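Peer 1: Just passing along the structure, written as structure tokens.
The values are calculated or read from the model by the stated rules, or taken from the named source; none is laboratory data. Predicted model only: the values in this text are computed from it and were never measured. All Cβ positions, even for glycine, are placed from backbone atoms using ideal geometry, and neighbour counts span all protein chains on display. Surface areas here come from the heavy atoms of the whole protein model, side chains and all, with no ligands, DNA or RNA. Shrake-Rupley method; radii C 1.70, N 1.55, O 1.52, S 1.80 Å.
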Amino acid sequence: VGELNWFAKPRELALKDNVCLYSVVDKALNMGRHDTRGIKVANNIPRELRVLGSETHLWQVAGNLLKNSITALANAGRGDSAEIKVTASIEPLASDGRPRRVMLSWFDNGVGIEPDKLKYIFDSFFTTSYFNEGIGLGMGVCKNIVDKHEGSIDIKSEYGEWTRVNIHLIASLDEDAN
């Protein structure tokens, strides 16, 4: 219902909070720890890295990415080699005057996405899930949230091998941020 409300009544977000990306991802991974048993999970985000935004909404993005990774890994049958790796880094300063960005990268070695389906991945109600595991709102919601954060999101995938989601957000360079 919450995801449908996001589409029905998109909200503006105040990009004023200094959000710790490590904590956001860590909370999502902890919420899903039961479903990630047997999966090598690595949160390699530097703890001091911050972005401007809404912690709650970014946590929703991380939760959707985790759900997708778990589903992709289950369908890939990787066994002990199943992995999820999350990293982030500050991007070089753009020459066009845009604010400095942080790139969050979410990787899994699950089943991947077929090339002809990749272009539809952010469309409402489009799903690559098998056996009715999803209704196709998660990635659309992720894109809406990232867009509201004045960011961008892109996906690269090798079908049968892996998927990487890259999210670019405005860096918080506030030295006094908690």
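Peer 1: Where the Cα atoms of region 48-106 are projected onto their three principal axes, how long is each span, largest first, in whole Å?
Peer 2: Each principal axis gives a Cα extent; for region 48-106 these are 45, 24, 21 Å.
Peer 1: Something else now. With the full set of protein chains in place, find how many percent of the accessible area of region 59-121 is carbon and sulfur; take the probe as 1.4 Å.
Peer 2: For region 59-121, the apolar C and S fraction of the accessible surface comes to 54 percent.
Peer 1: Where in region 24-129 are there trypsin sites (Lys or Arg not before Pro) that are in a DSSP coil and have at most 16 other Cβ atoms within 10 angstrom of their Cβ?
Peer 2: Passing both the DSSP loop test and the Cβ count: Arg33, Arg37, Arg47, Arg100, Lys119.
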